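Structure, as structure tokens:
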Amino acid sequence: MKADIRQGGGGLLLASFLYLGVPNVLFVVGWFKSPYAIGYTIACLIGLRFLVAGIRRGFVPNSGGGRTLRYVVPLCCVLVIWVSFSGIGGVGFQNTDWNAHNSLFKHLIEEDWPLVLGTDDPAHEPFFYVYYVAFYLPAALVGKLFGWGSANLALFLWSVAGIAIAISWFLKVLDLPLTPSRSLLAVLVFTVFGGLDIIGWYLRHENLPSMGEHLEWWAKHFQYSANTTLLVWVPQHTIAAWILTGVTMFHSIFRVPPRSFGLFVAFSLLWTPFAIIGVLPFVVLAIVLWVRENGIRDIFSVSNFVLAPVVGLTSALFLASNTFSFPVSLGWTGRPDFWLFYLVFMGLEVVVFFVPLYWLLKDRGPAHAYIPWMWTSLGVLIVLPFFRMGFANDFVMRGSIPALFVLIVLIAYGLLGTSFKAHPIMKPVLLVVVCVGALTGGSELARSVQNYTFPPPDSQSVQSFLELPVNHVAQRKGDPDSFFFRQITRN
């Protein structure tokens, strides 16, 4: 199948490559010794050249033209309004995680790179900051040039751009003929998606939550976050995970030769390593489906087997320099109530979606391309809770983002791409589940409305990172004796 660059195929690949890649280049320029930074940048430019050549060779423009204003304007309005309640860039109420986000952002603006804190205090050892910093770097560079206020505006615009790319991938891989109104409905499905947390909350607390309550932690040991929850708490993970999953599905469903695919995965490691683990089953699926139909020749490209390892290794060495001073265990270890919560959690977060989807998609037909993605998503969501990493089990929350993205594509297809006449029971059931699940994100938005703030907090009110709770600090501590800090970094 020839993908259509005018409809967002090749153009979106290029936009995604730049969006995920530019922060990586900023990282190596700021953290690495000059020879490594120059070599890395050259590798990225070569990868970009190969990608552009592939787009020119493999994509054909459509004489019918691209999206019109009737499509773009309503969708952009929805996205801007959605992000305007997220707290990103100080626009809207900022949840407690923003204490750490803002602290890191301020340090990146005001301190030299690589980021080493506490160097002016002889009574304490310097703190080598190791964290996935890609989301913040372009806006932090703006802040170094123009100050805190400009940096927050840049972070907001940078996030809107990334979410627009992610939503465009969502609509692309949905692969349905969409009118402006149906496109808007699809985007609304994406923005309101959530599990049946309100039922889980009621089962555990025996009462209904107040509006603005954070519903996600009713299962105690794990959560699969609603899209609005992800946006208002952890955009630094979420945006890249959505984009990478969209790129993965696009290569497979539209049969695009995966010659540059490895670079997208490598770039994403500095954004969200947990989500990278969650996307790997889908990467394997896409490769298997491609090889089975087309052979292995396009897999063994310079971008995949030379450039991507160079890019990925740099981020891996940085992340591996963390001291890993956080819990890592099997999910049930020390948790006698694990199985009870797990079974209820699976019912309210997974089964309620996949049962109607199975009946809506089982007749195959036009939906046959989604079937392996449905089973892979189901498998990932079933397995993830058996592993635990991080004080708040971040691994499950962030590792589930790719599988949930695939699930939302399936849900949108089930609601917009199947016939009500053919499915008079399961289609309404799926719609009801989506509507009840929307209450989770709705409660997050209600809290933002109730506590709405603007403009961004004054920079003087932002705490130093080392003054934050010990759990935040422990998870981001680097080892100064690691190979990365001894051999690769500047200064």
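Each reported figure results from applying straightforward, stated rules to the coordinates on display, with no laboratory input. Given the structure is predicted, the values throughout are model-derived calculations rather than measurements. All Cβ positions, glycine included, derive from the backbone under ideal geometry; neighbour counts span all protein chains shown.
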Ranking of LEU244, LEU307, LEU157 by count of other Cβ atoms within 10 Å, fewest first: LEU157, LEU307, LEU244
Value at 222 nm in deg cm²/dmol, rounded to 500, when DSSP H runs of n ≥ 4 in the chain each add -39,500 (n - 2.57): -19000 deg cm²/dmol
Net charge over other residues, Cβ less than 15 angstrom from the Cβ of PHE27 (K, R count +1; D, E count -1): +1
Sorted by Cβ density within 10 Å, fewest first, the residues LEU466, LEU108: LEU466, LEU108
Pairwise FRET efficiency - ARG204 versus SER461, Cβ, R0 = 41 Å, nearest 0.05: 0.70
Residue order, fewest to most beta carbons within 10 Å, for ARG182, ARG447, ARG388, ARG486: ARG486, ARG182, ARG447, ARG388
Stretch gain in nm, segment LEU145-PHE300, where the contour uses 0.36 nm per residue and the Cα spacing is subtracted: 51.6 nm
Computed label-point distance, nm, for sites LEU157 and HIS368 using a 7 Å Cα→Cβ extension: 4.7
³J(HN,Hα) computed for each position of the stretch 200-205 - Karplus, 6.51 cos²θ - 1.76 cosθ + 1.60, integer Hz, glycine/proline x: x, 4, 5, 4, 7, 9
Extension gain (nm, one decimal) between SER325 and CYS77, 0.36 nm per residue minus Cα-Cα: 85.0 nm
Chain lengthening between ARG292 and LYS33 when straightened (0.36 nm per residue, less Cα-Cα): 89.0 nm
Inter-label distance, nm, simple model (7 Å from Cα along the C-beta direction), ASN491/CYS435: 5.8
Per-residue HN-Hα couplings for the stretch 415-432 [Karplus 6.51, -1.76, 1.60; θ = phi - 60°; Hz; x = Gly/Pro]: 7, 9, x, 10, 8, 5, 4, 6, 9, x, 10, 5, 5, x, 4, 4, 4, 5
Inter-probe distance in nm under a simple model that places probes 7 Å from Cα toward Cβ, at LEU184 and ALA474: 5.0
